[in-house]
Amino acid sequence: MTQSQRRVLPETQDPDTGGFWEGARLGEIRVLECSSCGTLLHMPRAYCYRCGSWDNHWKAVAGTGRLHSWTVVEHQVHPDFPTPYTVVLVDLDAAPGARLVGYLDGAPELAVGQPMRARFENVDDDVTLPQWDPA
Amino acid sequence: MSGDDLAFRDRCAIAGIGTTDFTRNSGRSDFTLALQASLAAIEDAGLAPGEIDGIVRCDLDLVRHNDLAHVLGVRDLSYMGDVSVGGVAPSAMVGQAAAAVIAGLAKNVLVFRSLNGRSGRRYGRSSATQSKVGGNNTYDEFFAPYGLLTSGQIFALIAQRHMAEFGTKETDLAQIALTCRARANANPGAQMHDRKLTLDDYLNARMIASPLRLFDFCLETDGACAVVVTSAERAKDSPNPPALIRAVSQGAMLDPQPGVQFPVLMRDTITTLPAKATADKLYSRAGMGPSDIDVAQFYDCFSITVLLQLEDFGFCAKGEGGPFVSSGEIDMGGTIPINTSGGHLSDGYVHGMSHVVEAVRQIRGTSTSQVPGAQTCLVTSTPLPPGSALILRAS
């Protein structure tokens, strides 16, 4: 099954996280940053826990990272995700402290720390899923 | 040590314990299970049901305070508490009950957890059924669309990372599963009582989410557990030896991350649990350290969860959990015998509450894997995202 046939799609209009998905549609990996003190707000939240500011902005960063961890799922728990497939957890190079999740078909050879590169999977007009491939 | 610690320490006790049978299909409602465990605990405490005047429940339970109060004939329900979230709750539920007793809000507080976790709502299945997932501060939109759907998959990512950082082996995780199984083999009430488990069985079992195999996962279970918390003074009159509540703590990490569970993968480290903060506070409140603990019931939704907590609760250094468990330290006769009923891995998954019951058995000297002369027992409720824990001791 390809990604586009899947029914589990992200809510893209949430006030706190919608900017991430708007960026994805434009082919950008975005993180939320405090406009006052520069703290990375990940997961995205409107309030800066460091300085108390409500001012923030989405920042496009490079679509490169390192593999933090991964798992090959072999026991199916959802009809839209036949096994095996692999879930990757990626540390963004350009935004220390930010991690994103990706989906890979099958069970590719992987190693913690290896370079990963973003790929943008257009599912429909609303949803583009940033994915992560071995670089 | 502060005055606050002394205001709590040993002031209350667990005077009664009760459980249902643990099965794959109870054929009973969550409410009936809760009632059966509650009646057993109240009788065990030497009380009449109507003498209960406080009830503490878990936020994920389907059974409410008034459901139980009605059928128990509680005339004056004076205290109702809810603790979140899920498996993080049980130790804190006991703590909340004790705090209510100390504050004079209630005298005899029933604490329960009931779930048809196998025949009803299974936590091992995905609940992502809508066309759009996430939003509203759940952050599920960053996880479910990528097939990251269950707690087991979260802990698989954590286990893989622990292996990469510290060289932890699959045979280390196996030792946790095998140890719990051996305890279940001695416990006639355990679901896996009659089923031996060997290292070959473990390694040959199917992979669920690498590196976690079938026997790294707990047993989704139908069942209920309950305890009665009262003052240490009143507990002296109960039929069984009271298990004094030495200390209770709740803890979270700095930057705990929002959401129910998946965003914990965004923390600086995923190989340290909130167990660390919970443990430090617990030991301080108890005036005790790991070396004072005779036996422990570790929250074991998965084998790796136990390994992380052994480190975070100070039984070994961070990263050394693998060699620690593989050298037999968690077995009977080891430094810290664990999960003496078989735990969630081999007795039954009653979401942390069965660990409280087994801890009381150890203090009473009635466990089917009794640690000789056990004076103290640690209970952990520290999966994700925050945690709680308690220490019981003999009077």
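The values are calculated or read from the model by the stated rules, or taken from the named source; none is laboratory data. Owing to the predicted nature of the structure, the values given are computational and were not obtained by experimental measurement. Glycine gets a Cβ as well: all are built from the backbone with ideal geometry, and neighbour counts include every protein chain shown. We work out accessible area using only protein heavy atoms, side chains counted, and drop any ligands, DNA or RNA first. Shrake-Rupley method; radii C 1.70, N 1.55, O 1.52, S 1.80 Å.
Order these peptides, A:54-62, B:301-309, by their mean beta-carbon neighbour count within 10 angstrom, highest first.
The densest-packed peptide leads the list: B:301-309, A:54-62.
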- Specify the residue with the greatest mean-square fluctuation among B:T230, B:T138, B:T271, computed from a Gaussian network of chain B linking alpha-carbon atoms under 10 Å apart. B:T138
- Message: Students often forget the sequence filter, so: which aspartates and glutamates lie under 15 Å Cα-Cα from B:K107 once same-chain residues fewer than 8 apart are removed?
- Response: B:E51, B:D53, B:D76, B:E233, B:D237
- Query: What residue among B:V360, B:V56, B:V71 shows peak mean-square fluctuation when chain B is described by a Gaussian network model with Cα springs under 10 Å?
  - Reply: B:V71
- Item | Between 0 and 90°, nearest 10: helix B:170-185 axis offset from chain B longest Cα axis | 30 degrees
- Task: Treat each spin label as a single point 7 Å out from the Cα along the C-beta direction, and report the B:D292 to B:D194 distance in nm.
- Result: 4.4 nm
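Which percent of the accessible area of the protein assembly as shown is formed by carbon and sulfur heavy atoms (probe 1.4 angstrom)?
That fraction is 48 percent.
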- Item | Where a label projected 7 Å from the Cα of A:R50 along Cα→Cβ would reach, residues of the range A:87-103 with amide N under 14 Å | A:95-98
- Task: For the range A:13-134, report the accessible area per residue in Å² (1.4 Å probe, heavy atoms, rounded to an integer).
- Result: 42 Å²
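Mind ranking B:347-356, B:43-52, B:170-179 by how tightly packed they are, going by the mean number of other C-beta atoms within 10 angstrom, highest first?
The densest-packed peptide leads the list: B:347-356, B:170-179, B:43-52.
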- GNM on chain B, Cα springs under 10 Å; top mean-square fluctuation among B:N25, B:N185, B:N137 goes to B:N137
- Determine the per residue accessible area of the range B:167-287 with all protein chains present and a 1.4 angstrom probe, expressed in square angstrom. 38 Å²
- Note on the structure: Helix B:303-312 sits off the longest principal axis of the Cα atoms of chain B, rounded to the nearest 10 on a 0 to 90 degree scale, by 70 degrees
- Query: Using a basic spin-label model with each label point 7 Å from the Cα along Cα→Cβ, how many nm lie between B:S395 and B:V71?
  - Reply: 3.0 nm
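Which of B:K169/B:K318; B:K169/B:K281; B:K236/B:K281; B:K169/B:K196 have a Cα-Cα distance over 25 Å?
In this structure, B:K169/B:K281; B:K236/B:K281 lie more than 25 Å apart at Cα.
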- Query: To the nearest 20 debye, what charge dipole does the protein assembly as shown have about its Cα centre, counting +1 at the Cβ of each Lys and Arg and -1 at the Cβ of each Asp and Glu?
  - Reply: 620 debye
- Query: What's the angle, to the nearest 10 degrees (0 to 90), between helix B:353-364's Cα axis and the longest principal axis of chain B?
  - Reply: 60 degrees
